[in-house]
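Single-structure report; data block below.
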Amino acid sequence: MHSSADTKPGPDSDLELVALEPALPAEKPLRNASDITGEESLQFNRDTVTLVFRGGRFRLLHQQQFRNSLLASVGYLELANAADFAANVWNQIPVPTFAAVLMGIGGTCALGMVFVAVQDIRLSWRNVKLLRAERENLKRLRQYHVRNVELDQLLESKLGVSDREIGTEVVDRIAMDCLLGFGSVLVGVGTLMAIGGANPRVFKASNLLSGYIGNGLAALFGLVNAIWSAYLLCRFHLHLRAARAALPSDHIRWRLHTRIRRFQWHAFVNGLNGLVAGAGSLVTAERWWGYVVLIPCIISLIAINYFWRKKLGYDRPLLMGASIARTQLMPVVEQLEYVIAMQRAFAEPDTALPKLVKTDSLESMLRFIVHNHMLEPYCESLVHDKQARSLLQDLRGTASTPHEITISLDALLRLSTSRTKNTSLLLTHAICFLRKDGVRIFIHRERYLLELLGYAAWRDHTAAAAGGAPGATIETK
């Protein structure tokens, strides 16, 4: 997220936001939970990134941001659980040759999906650990600033959004990967065993594994997922109703409405799809037409996966080790205005980028990147760029640990002065990074801010209905 300079640049800032066409006239400052963001009051201590040289290339030593890391291949887990169709449809002795071939292909594919599930669990668990660490920090800050009502409201809103983030990671990723992933193993083993179905014991074990037991896990996940999806539908319905009554800006209200509707669409389709797929999986143990029911479910899960990755998921900086020595509260609407303005600027980088930053100054470019909490994705882009990657080797010689390097603004500036060509190379790469990833980064920031705004509006509405806590309602024009 952004600091105070994101909205009101200081004299040392390279930003010239006045040169941008404003997205909307500034709203009246709102002084409640739905108006403030922690980017002002809580400073991110993430101005350095550590890379480790491993396996012949540089990698991040520790992930510092919450990532939209859902794997596209996870969308095919339902297909893997349907890979036993040959074993269930041609459940006879002797097994036809063509059916045995299909069983071999289906069983192997089902077993292979376990690697996808394990990898997605690993990525999701990394997110969960970071979110839990952030929650502990937010709770500590709430205890310390219990008398600061506005800051307490902000922290509570952040915790509320964190609840949804953790729930999504645990239910929609870890639980799904565990149940459908293990189910695909059972289905795969049972399908391969069906090839040798002439043995009565093997035949019975195959029917159990690729039938009720393996597919029963898919049904269990469908039930759990439906409960979670129903909760999300109710949650976002309340947020949308509160936001309609509270937000003074039609423009922001429209964006929030679109965001919440997308969440609700995803939750509804995902929950319904899980129930139908679970029921269909159980039917396939005895009826061939169960696979006909699964066809739209398989397609739907792939589409849901794509929709989440492209339209709902986001990367965001985490509030870790925050310092609150300089407490300045800024309206979240202004933060959204800034983010929207940045999106418009990066949509036309050739004309707008020079108004934001001095494109002929490496220091100006790097300060803009650090200032907007882009250092981690910028370092990853350095690692993946063949020319820029070679510059990182120069930092290894100055590092205390030969296999680790710490990248910061000062380190990059020192690197640029060590050789003449380094400056032009880093400058070119920084411009390319902002042109390529700038829009995506600020779109992700907007997604998080909108959800934070929706939760805070609901919280203010609830507090007002319960007794009208002072400063809890949104002041409109």
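The values are calculated or read from the model by the stated rules, or taken from the named source; none is laboratory data. Here the structure is a predicted model, which is why all the values come from computation and not from measurement. Using ideal geometry, Cβ is built from the backbone for each residue, glycine included, and neighbour counts are taken over all protein chains shown.
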> So how many residues does the stretch 139-167 have that are over 16 Å from TYR455 (Cα atoms) and either buried (at least 19 other Cβ atoms within 10 Å of the Cβ) or not aromatic (Phe, Trp, Tyr) (or both)?
Replying inline: 10
> So, in the stretch 243-290, of the ones that are touching a Lys or Arg at 6+ places or on another chain (Cβ under 8 Å) and over 18 Å from TYR448 (Cβ atoms), which residue ends up surrounded by the fewest Cβ atoms within 10 Å (Cβ to Cβ)?
Replying inline: ARG244
> In the stretch 194-216, which residues are in contact with a helix residue (DSSP H, G or I) (Cβ under 6 Å, 6 or more places away or on another chain), touching a residue at least 40 places away in the same chain (Cβ under 8 Å) and among the hydrophobic types (A, V, I, L, M, F, W, C)?
Replying inline: ALA194, ILE195
>> Tell me whether the stretch 174-185 contains one or more residues that are modelled with pLDDT of 95 or more and either more than 30 Å from GLU286 (Cβ to Cβ) or more than 29 Å from the chain's Cα centre (by Cα) (or both).
In response: yes
> For residues in the stretch 86-101 being farther than 15 Å from PHE203 by Cα and not polar (S, T, N, Q), which is nearest to the chain's Cα centre (by Cα)?
Replying inline: VAL101
> Would you pick out the residues in the stretch 343-387 that are under 19 Å from HIS444 (Cβ atoms), hydrophobic (A, V, I, L, M, F, W, C), modelled with pLDDT of 85 or more and over 20 Å from the mean Cα position of the chain (by Cα)?
Replying inline: ALA345, PHE346, PHE368, ILE369, VAL370
> Of all the residues that make up the stretch 224-258, how many are farther than 19 Å from GLU169 by Cβ and assigned to a helix (DSSP H, G or I)?
Replying inline: 20
>> Being closer than 30 Å to GLY271 by Cα and in a helix (DSSP H, G or I) is the requirement here; does ARG164 meet it?
In response: yes
> Restricting the search to the stretch 91-133, which residues are in contact with a Ser or Thr (Cβ under 8 Å, 6 or more places away or on another chain) and polar (S, T, N, Q)?
Replying inline: SER124, ASN127
>> Looking at the stretch 439-448, can you tell me whether even one residue there is surrounded by fewer than 20 Cβ atoms within 10 Å (Cβ to Cβ), assigned to a helix (DSSP H, G or I) and either at pLDDT below 90 or assigned by TED's automatic domain parsing to the domain that holds VAL161 (or both)?
In response: no
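Going by the conditions given, is VAL189 free of Cβ contacts under 8 Å to residues at least 12 places away in the same chain, assigned to a helix (DSSP H, G or I) and either outside the structural domain of ALA80 (by TED's automatic domain parsing) or aliphatic (A, V, I, L, M) (or both)?
No: the conditions fail for VAL189.
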>> From the list LEU15, LEU24, exactly one residue is modelled with pLDDT under 55, of a type outside the set (Phe, Trp, Tyr), assigned to a loop (DSSP other than H, G, I, E, B) and crowded, with 18+ Cβ neighbours inside 10 Å. Which is it?
In response: LEU15
> Just for the stretch 186-213: of the residues that are in contact with an Asp or Glu (Cβ under 7 Å, 6 or more places away or on another chain) and under 16 Å from VAL283 (Cβ atoms), which one is modelled with the lowest pLDDT?
Replying inline: SER210
> Filtering the stretch 449-468 down to residues that are buried (at least 18 other Cβ atoms within 10 Å of the Cβ) and among the aliphatic types (A, V, I, L, M), which residue is farthest from GLU376 (Cα to Cα)?
Replying inline: ALA463
>> Between a residue in the stretch 298-318 that is over 12 Å from ARG259 (Cα atoms) and part of a strand (DSSP E or B) and any residue that is at pLDDT below 95 and not aromatic (Phe, Trp, Tyr), which pairs come within a Cβ distance under 6 Å, given they are 6 or more apart or on different chains?
In response: PRO317/MET1; PRO317/GLN65; PRO317/HIS373
>> All but one of (1) closer than 17 Å to ARG67 by Cβ; (2) surrounded by 19 or more Cβ atoms within 10 Å (Cβ to Cβ); (3) touching a residue at least 60 places away in the same chain (Cβ under 8 Å) hold for MET103; state the number of the condition that does not hold.
In response: (1)
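Table: residues versus (1) surrounded by fewer than 20 Cβ atoms within 10 Å (Cβ to Cβ); (2) β-branched (Val, Ile, Thr); (3) at pLDDT 80 or above.
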{"position": "LYS28", "(1), (2), (3)": "yes, no, no"}
{"position": "GLU39", "(1), (2), (3)": "no, no, no"}
{"position": "LEU51", "(1), (2), (3)": "no, no, yes"}
{"position": "HIS62", "(1), (2), (3)": "yes, no, yes"}
{"position": "LEU70", "(1), (2), (3)": "no, no, yes"}
{"position": "GLU78", "(1), (2), (3)": "no, no, yes"}
{"position": "ALA82", "(1), (2), (3)": "no, no, yes"}
{"position": "ILE93", "(1), (2), (3)": "yes, yes, no"}
